[in-house]
Every structure is written in C-alpha cells, then in structure tokens.
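Here's the structure we're looking at; comments come further down.
The values are calculated or read from the model by the stated rules, or taken from the named source; none is laboratory data. Here the structure is a predicted model, which means the values were calculated and not measured. Cβ coordinates were reconstructed from backbone atoms using ideal geometry, including for glycine residues, and neighbour counts include every protein chain displayed. To get the accessible areas, we keep the full protein, side chains included, count just its heavy atoms, and leave off ligands, DNA and RNA. Shrake-Rupley method; radii C 1.70, N 1.55, O 1.52, S 1.80 Å.
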Amino acid sequence: MNFNDFKLYLIIVVAGATLWFAKEAYEYNKLQNYLSNIKEHQKATKEPNALTFEQQLELAMERQKKLQIESNKHKADKYMQELHSKYTKEGYEEKLAVCNYFTDLYLNNRTKENEIKYVKACDPMYH
C-alpha cells in the first residue's frame, strides 16, 4: 500500500464518517421536532381554552339567541317608529295601549285566540 492509496482510503473514511454524523444529526433534529410537536399537542388538548364540540355548539347557540333577540328588538323598534309616524299622537298612544294590553294577555295566557288578538292589535297590516 503506497501513500496515495492511504490518502484515498483516509478521504473515504473521513467522508463516510462525516456523512454518518450528518445523518445522525438530521435524525436527532427530526426526533426533537417530533417530540416538541407532541408536547404542544398535549398542551393544546389539556388547556381549559380548548373547547369540545358540545361546548362550541352551545356557544354558537347562545350567540344565535342573542342575534335573534337583537333582530327582534330592531324589528319592534322599526314597527313602533312606523306606527308612530302613521298615527297622530293620540291615535298612536291608543294603538300602543291596545297592543300592550294584548301583548300582556298573550304572554300570560298563550292560546291561539290570544295570539290572533295580539297579532291583530299589534301588526300594522290590520290597521
């Protein structure tokens, strides 16, 4: 074995060792990333802010209920404004009193007859 063969052998060994260390470092880094992702996922599932489907559904239903209440309030305000502009002050107060009376009657005794009276007293279509 001459000196040139020894240099070639040494270069191959050093290159092989370098590749092996690089592969091990890559595998170690990949393993560390995998473990950190697992830890983050475990934290996310254990956090109190992580909501189940049922909790998310309940929150969505509450939001929808609030939106419906706001929508109904807006419709009632719009109706009262239309009623106010349609009648004189005395006529408006009279219609409002009748509407309030039948609204209370319907809320206290929910029957089909009271509902019809309530609708006829409060709906401008019947005036």
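Among the listed values (i) 53, 25, 24; (ii) 121, 30, 20; (iii) 57, 28, 20, the one computed from these coordinates for Cα extents along the principal axes in Å is (ii).
Once C-alpha pairs closer than 8 Å and six or more residues apart are averaged by separation and normalised to the residue number of the chain, the relative contact order reads 14 percent.
If I stretch the segment between residue 3 and residue 82 completely, what's the gain in nm (0.36 nm per residue apart, minus their alpha carbon distance), one decimal?
This chain segment gains 17.8 nm when fully extended.
When nucleic acids and ligands are ignored and a 1.4 Å probe is applied, residue 14 ends up with an accessible area of around 80 Å².
For the set 115, 27, the ranking by accessible area, highest first and with no ligand, DNA or RNA atoms included, is 27, 115 under a 1.4 Å probe. Once the whole set of protein chains is in place, how much accessible area is left on residue 41, using a 1.4 Å probe, in Å² to the nearest 10? Its heavy atoms expose roughly 120 Å² to the probe.
Given R₀ = 41 Å, what would the calculated FRET efficiency be for residue 67 paired with residue 27, taking r from the Cβ atoms and rounding to 0.05?
Details: r = 53 Å, r/R0 = 1.30.
Taking R0 as 41 Å, the efficiency between residue 67 and residue 27 is 0.15.
For residue 107, neighbours were defined as the other residues whose beta-carbon sits under 13 Å from its Cβ, and their charges (Lys and Arg +1, Asp and Glu -1) total 0.
What lysines could a cross-link reach from residue 112, if we take a straight Cα to Cα line under 24 Å and drop same-chain neighbours fewer than 8 places away? List returned: 73, 75, 95, 120.
With the simple spin-label model, which puts each label point 7 Å out from Cα in the Cβ direction, the residue 14 to residue 75 separation comes to 8.5 nm.
Using the rule -39500 (n - 2.57) for each DSSP H run of four or more residues, divided by the residues of the chain, the 222 nm mean residue ellipticity is -30500 deg cm²/dmol.
Cross-link partners of residue 43 among lysines, defined as those whose alpha carbon lies under 29 angstrom from its own and excluding same-chain residues fewer than eight positions apart: 30. Residue 85 contributes an accessible area of around 90 Å² to the protein surface, as traced by a 1.4 Å probe with all chains present.
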